[in-house]
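Engineer: Please find one structure pasted underneath; my questions will follow.
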Amino acid sequence: MIGPLIKGLSVTFGHLFKRHVTVKYPYEKRQVSDRYRGRHILRVDEDGRERCCACGLCEEVCPAGAIKLYGKEDPEFKRSDVGKYAEYYAIDYSRCIFCGFCVDACPRGAIEMTQDYELTVPGPGRVHLLKEKDWLLEKKGGE
């Protein structure tokens, strides 16, 4: 009867003298694995043009339905060599499960997941978790 009590207390006292792993977050940041999938960015090419050709594969393959995009024809081919670009591109982070299928499906490497894990929003509600193209673009809001 007292044996399990002694065994439990020995485990408790054993943990009292171990090194703590507390991180003083926002001042100290943890290193994440190289395979960590965090915030999405939309890549641009060396000329500053968006790589996205609005093919819709990322939207189609997303199991949570978190990506919405609308493509538009570009008759002058200024934005891409395909003749189409994403006029509207948004990711709903309240639905996203960070699986990475969108990155794998993209034929042009236009979407990438970074190691950024700070995705907080300014207030309550899910409306702030809908991130649109201007926030997702690499050249404006990204790394």
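Engineer: Between H128 and A64, what is 0.36 nm times their sequence separation minus the Cα-Cα distance? Round to one decimal in nm. Kindly include the intermediate steps, with their values, before the conclusion.
Structural biologist: On the way: separation 64, 0.36 × 64 = 23.04 nm, distance 1.80 nm.
Residue separation times 0.36 nm, minus the Cα-Cα distance, leaves 21.2 nm.
Engineer: Bin by bin, in steps of 10 Å, what percent of the Cα pairs in the range 1-46 do you find, going until the bin that has the longest distance?
Structural biologist: Per 10 Å bin, starting at 0, the Cα pair percentages come out as 17, 22, 23, 18, 12, 6, 3, 0.
Engineer: Putting +1 on Lys and Arg Cβ atoms and -1 on Asp and Glu Cβ atoms, find which of A105, Q115, V23 reaches farthest to the positive end of the dipole of the chain.
Structural biologist: V23
Engineer: Give the carbon-plus-sulfur fraction of the accessible surface of the chain in %, rounded to a whole number; probe 1.4 Å, heavy atoms of protein chains only. Each step should come with its number before you reach the end.
Structural biologist: Details: 5530 of 10230 Å².
After summing per-atom areas, the C and S share lands at 54 percent.
Engineer: I would also like to ask the following. Looking at the range 1-134, how many pairs of lysines come closer than 29 Å at the Cα, when each pair is eight or more places apart or spans two chains?
Structural biologist: Lysine pair count for the range 1-134: 16.
Engineer: Let me ask you something else. Nearest-5 percent of antiparallel DSSP beta bridges in the chain?
Structural biologist: On the way: 14 of 15 bridges.
Of the beta bridges lying entirely in the chain, close to 95 percent run antiparallel.
Engineer: Could you work out how far the C-alpha centroid of the range 36-55 sits from that of the range 81-143, in angstrom?
Structural biologist: 9 Å
Engineer: Follow-up question, since we're still on this one. Average projected area of the Cα convex hull of the chain, in nm²?
Structural biologist: Values: hull surface 54.3 nm².
Seen from a random direction, the Cα hull of the chain projects 13.6 nm² on average.
Engineer: Could you state the angle between the C-alpha long axis of helix 2-16 and the longest principal axis of the C-alpha atoms of the chain, as a value from 0 to 90 degrees rounded to the nearest 10?
Structural biologist: Value to nearest ten degrees: 50.
Engineer: Still on this model: In Å², and per residue, what accessible area does the range 1-130 have when probed at 1.4 Å with the other protein chains present?
Structural biologist: Working: 9400 Å² over 130 residues.
It amounts to 72 Å² per residue over the range 1-130.
The values are calculated or read from the model by the stated rules, or taken from the named source; none is laboratory data. These numbers were taken from a predicted model, which means no experiment stands behind them. Every residue, glycine among them, receives a Cβ derived from its backbone with ideal geometry; neighbour counts consider all protein chains shown. Protein only, heavy atoms only, side chains kept; ligands, DNA and RNA dropped before computing areas. Shrake-Rupley method; radii C 1.70, N 1.55, O 1.52, S 1.80 Å.
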